[in-house]
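Notes to accompany the following structure.
The values are calculated or read from the model by the stated rules, or taken from the named source; none is laboratory data. Predicted, not measured: the structure shown is a model, and the values here were computed from it. Every residue, glycine as well, gets a Cβ built from its backbone with ideal geometry; the counts of neighbours run over all protein chains shown.
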Amino acid sequence: MSKVYIVGAGPGDVDLITVKGLKSIQKADVILYDRLVNKALLEEAKEDVELVYCGKSPDHHALNQETINGLLCRFAFQGKTVTRLKGGDPMVYGRGGEEAEELARRRIPFEIVPGISAGVAAPAYAGIPVTHRDHSSSVAFISGVSKGGHDQENWEHLAKSVDTLCIYMGVKKLPEICSQLLRYGRSPDTPIALVQWGTTDEQRTVTGTLATIGEVASDVKNPAMIVVGEVVRLREKLQWFEQLKQEESERPAHSIVG
């Protein structure tokens with residue numbers, strides 16, 4: 001029996017993989033990877049690696065969680081080195097904890113390799129620090145969906161006690177989220193941003209307020225991070241990544257004439 005590595009691949013930019021995460025890819029006999037993993041990372045694997053797609057979208061799961069758990073155990077019992085590759089960080093809304101529980105129950109050795117979570121990276125690439133001495137001393141990471149589809153978030157508590165809210169998987173529930181925050185005391189003028197495909201070449205950021213974001217972000221789709229709080233105002237000064245992309249697109253191409 002070998003070992004299973006539960007690895008965070010980072011939020012999309014291939015360069016944001018950790019050194020340990022990359023080594024886990026390179027030595028794997030089997031890689032079970034998710035939908036939001038940058039496929040360029042798979043090119044770092046051995047030539048004879050076995051790749052198993054385990055992607056989940058809001059409306060479709062290639063494999064259910066029980067099947068994924070079973071595959072991790074089966075490959076490990078076959079003596080293979082297994083890397084479970086997940087977007088972002090495996091312990092932040094990545095079900096890494098559930099998979100580690102199953103491995104522990106079956107007495108299969110495993111390691112957890114943290115990754116950079118989209119909840120921090122997507123706002124950073126959009127020029128939004130999730131904390132700032134002048135604007136935010138607290139941040140909460142929140143799931144826009146919950147097991148069984150039931151909303152279990154205490155919006156009354158979150159609306160008043162946390163400066164910055166970073167909401168995963170919340171695009172479909174954006175109107176409800178804004179409504180709850182307004183209901184429990186957040187100002188209609190509170191800034192909000194949606195960062196779609198954060199840290200990738202497809203990154204797009206839409207900003208507004210709790211009162212207006214529904215009008216300007218109607219075409220934003222998953223994957224997208226929602227950021228609520230005064231720190232969003234800093235984007236006007238700090239939007240380095242999208243500015244860099246714009247500068248690169250406007251740079252004239254050099255040609256050599258023979």
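The table for this structure:
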| item | result |
| --- | --- |
| Every residue from region 55-79 that is modelled with pLDDT under 95 and surrounded by 14 or more Cβ atoms within 10 Å (Cβ to Cβ) | Gly55, Lys56, His61, Ala62, Leu63, Gln65 |
| Residue, surrounded by the most Cβ atoms within 10 Å (Cβ to Cβ), within region 229-245, restricted to residues that are among the charged types (D, E, K, R) and modelled with pLDDT of 95 or more | Arg235 |
| Unmet requirement for Arg35, which otherwise passes all of (1) of a type outside the set (A, V, I, L, M); (2) at pLDDT 95 or above; (3) not in a strand (DSSP E or B) | (2) |
| Identity of the residue in region 101-120, farther than 15 Å from Lys23 by Cβ, touching a residue at least 40 places away in the same chain (Cβ under 8 Å) and of a type in the set (A, V, I, L, M), that ends up surrounded by the most Cβ atoms within 10 Å (Cβ to Cβ) | Ala118 |
| Residue within region 149-161 that is assigned by TED's automatic domain parsing to the domain that holds Ser218, in contact (Cβ under 8 Å) with a residue 60 or more places away in the chain and either surrounded by fewer than 19 Cβ atoms within 10 Å (Cβ to Cβ) or of a type in the set (Val, Ile, Thr) (or both) present | no |
| Close pairs (7 angstrom Cβ cut-off, 6 or more residues apart or separate chains): crowded, with 21+ Cβ neighbours inside 10 Å in region 28-51, of a type in the set (S, T, N, Q) and part of a loop (DSSP other than H, G, I, E, B) anywhere | Ala28/Thr81 |
| Residues located in region 105-125, provided they are aliphatic (A, V, I, L, M) and under 18 Å from Leu32 (Cα atoms) | Ile108, Ile112, Val113 |
